[in-house]
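Encoded as C-alpha cells, the structure appears first; notes follow it.
The values are calculated or read from the model by the stated rules, or taken from the named source; none is laboratory data. All values reported here derive from a predicted model rather than from experimental measurement. Virtual Cβ from ideal backbone geometry, glycine too; neighbours counted across all protein chains shown.
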Amino acid sequence: MDTAAVGSRKPNNVKSLARQSQLVALGCLVADVGWILRVFDEMAGQWVYWVVIGLIVVADLALIAPAQYSSQVAVLNVAVMLIAEVLLAGTIATHGHNDTGTMIAAYRVGAWSRGWPGALAIATLFGGEIATRMLGSHYDLAVLLLIGLRGAALPWLVGRYTTARRAHLAELDRKADNARRDAQAAIAQAVADERRAIALDLHDMVSHHVSAIGVHAGAARLGMGTPTGAPILERALNEVEGSSRAAMADLRRMLDLLHGTDEDGARQPGLANLDELIDGVRAAGLQVLVEPTGDGPVPGSLDIALYRITQEMLTNALRHGAGPVRLRIDRGHDTLTLSSENRLQTRSAPAESSGRGLAGIHRRAVLFDGKVDYGIEDGVWHTTVTFPLAVS
C-alpha cells in the first residue's frame, strides 16, 4: 500500500469531518433560531427574545466542538433549553426551543461518550426534556416518558448503533486485511519451500550423475595412456554416455513436472529404483554392499525422500570415499533406519565440498520428523537417518 497516499487521506478525512460538523451545527442553528423567529415574532422588541436567541446560537455552535466534549455540549444544550423555557414562560404555550440541537447533542453522546460522563450526559438530556414540559404544563407520566424517549433516548441509541456498526465494519476490514496478509505470506512461504525443494532435487540429481561422469571420464583418461586401454576406454565412455542420458532423463522428468506436462504419469524414483541406482554406482567402480532388513509399505513421499537420501550418500562416497560402501535399510515396526559407512580417502588437502548434500539430507529428514547422525570414526564416515513411520 502507498503510505504517502494513506498519509494524504488522513488530513482530508479530518477536514471532511470538520466541515460536516460545521454543516450540522449550522443546520441546527437555522432550525432552532428560525423556530424562535417565526413563533415568537411578537416578542421581537423585548430583551428576553434576543437573549434566548443568543443562548441558542451558542448552544448550537457548540456542536462544532471535538467529539471528546460531547458530554459537556449536551449539558450546555439542556441548560439553554431550561433557561429559555423559564425566560419565555407565560408567553406562548410551546416547549423545546432548541430541540434540534438537543437531539444532535444526544446523538453525539451516544456516538462518542463512554463511561460515567456519557451516562451522566444522557441522564441530563432525558431529564431536561421532561423538566421543560413540566414547567407551566401538565402531562401525565406516560407522555413525559415518551417525550424523553423521542428527544433524548432515541438519538442516543442511534449514535451508539452508528458507532458500533462503524467499529464492526472496521473490525471486518482489519480481519480481511490480516487474512490477505496471511494468505500472501503463506503463498510466499509455499513458493520459497517449493524453490528449496526444486533446488534440493536438482542438486541430488545433477551432483550424482556429474560425479559418476567425472569418475568414468578419469578412467577413460587413464585408459588412453596404456597399450591395452581400448576396452577400458570404451567401457568408461559407455558409462559416461549412460550417466549423461540418465541425467537428461531426470532433468526432463523434473521439467515436465514443473510445467505440468507430465502426461505419462511418470513418478519420481523411490526404493524400487535402488537397484538401478546402485548398479550405476558400481559401474563407476564403487563397491556397494546392501543389507536390507525388514519389510513393509513405505509412504510415497517418504519413499522418494529415502531414494534421494541414498543417492546423496552414494554420491558422497563416490566423491570422497575409498573402498566399499555398506548400505543398510532397516524397516522396523515403528521406525525406518537408513545408514551408510565407507572409508575416506587419504589426502594431503581436504576434498572440496559445498556441504549442500548433508544439508539436503537434513532438510529431507526434518520434513518427516526424522533424525540425522553423521561423522568420522577411525577413518570411517558414517551417515544414519532414522524416520518414525507413524509420523511419516
Quick check: is even one residue across segment 320-332 under 43 Å from the mean Cα position of the chain (by Cα), crowded, with 17+ Cβ neighbours inside 10 Å and either assigned to a helix (DSSP H, G or I) or on the phi > 0 side of the Ramachandran plot (or both)?
no
Selection over segment 73-85 where residues are touching a residue at least 40 places away in the same chain (Cβ under 8 Å) and either closer than 21 Å to L17 by Cβ or of a type in the set (V, I, T) (or both) yields a count of 4
Can we say A176 is out of contact with any helix residue (DSSP H, G or I) (no Cβ under 8 Å at 6 or more places or on another chain) and surrounded by fewer than 11 Cβ atoms within 10 Å (Cβ to Cβ)?
yes
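Quick grid of which residues meet (1) under 42 Å from the mean Cα position of the chain (by Cα); (2) in the same structural domain as V14 (by TED's automatic domain parsing):
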| position | (1), (2) |
| --- | --- |
| L55 | no, yes |
| D60 | no, yes |
| V75 | no, yes |
| M81 | no, yes |
| H97 | no, yes |
| T100 | no, yes |
| R114 | yes, yes |
| G128 | no, yes |
| A152 | no, no |
Would you please name the residue that is nearest to F387 (Cα to Cα), looking only at residues in segment 355-374 that are of a type in the set (K, R) and in a helix (DSSP H, G or I)?
R364
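When you scan segment 230-242, do you find a residue that is within 40 Å of the chain's Cα centre (by Cα) and at pLDDT below 70, even just one?
no
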Taking the criterion of being among the charged types (D, E, K, R) and either at pLDDT 85 or above or within 23 Å of G127 (Cα to Cα) (or both), would at least one residue in segment 26-35 satisfy it?
yes
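Would you point out the residue of segment 245-297, among those that are small (G, A, S) and closer than 15 Å to I329 by Cβ, that is modelled with the highest pLDDT?
Here the answer is A272.
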